[in-house]
Amino acid sequence: MNKNNQTIDAQFALLIRQFQGLVYSIVYGITLNAEDSWDIVQEVFIKAFNNSEFLSESFRQKAWLVKVARNEALKNRRSLKTKLRYLARFCGFETCSEAAELENRFIKDETVVQLKDILSKLDDEDRQIITLRFSADMSYKEIADEMQIKTGTVMSRLSRLKDRLGLVLQEEISDEV
């Protein structure tokens, strides 16, 4: 391996460390499946590696990764394989995966579990808006552009979602008391 290839590999390793959490949170916010999410994250970074312009200074890496992560997650949700896997889980035929077990080891805090449950009850678009705003730290305009909706729509939906999620969380916590 020559010095140039080592430099490119080091740059990609750094970018993966920098953006892996962001990409995972976007993908997981759409798929709600740890195993599928890690597979999709790998696909996103393979696409980045194969994109000849990805390492150029003028390239908007974060925006590109957010867009590709979202598109890949949505594509995965529509795939036949995913629908069959969902059906198998629904019927109780699929056992817990290593990725899900690993995720459960990391999720100890009950609030995180409650939030995950609340997010799983949202429709796809609402979950995407929440994920893009709070995980990807995107502006209202960036979310609107990404989802091809009006900025005002993003703002009003986020406001209603924040209110709704706050109320749902309070209700679930008060049910335990």
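The values are calculated or read from the model by the stated rules, or taken from the named source; none is laboratory data. Remember, it's a predicted structure, so these values are computed and weren't measured experimentally. Virtual Cβ from ideal backbone geometry, glycine too; neighbours counted across all protein chains shown.
Values for this structure:
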item	result
Filter pass, L87 being part of a helix (DSSP H, G or I), of a type outside the set (F, W, Y), at pLDDT below 60 and in the same structural domain as F54 (by TED's automatic domain parsing)	yes
Enumeration of residues in segment 121-143 that are modelled with pLDDT under 80 and either loosely packed, with under 12 Cβ neighbours inside 10 Å or in contact with a Ser or Thr (Cβ under 6 Å, 6 or more places away or on another chain) (or both)	S135, D137
R77 being closer than 18 Å to I40 by Cβ, surrounded by 15 or more Cβ atoms within 10 Å (Cβ to Cβ), modelled with pLDDT of 55 or more and not hydrophobic (A, V, I, L, M, F, W, C)	yes
Considering residues of segment 51-65 that are touching a helix residue (DSSP H, G or I) at 6+ places or on another chain (Cβ under 6 Å) and not aromatic (F, W, Y) only, the residue surrounded by the fewest Cβ atoms within 10 Å (Cβ to Cβ)	L55
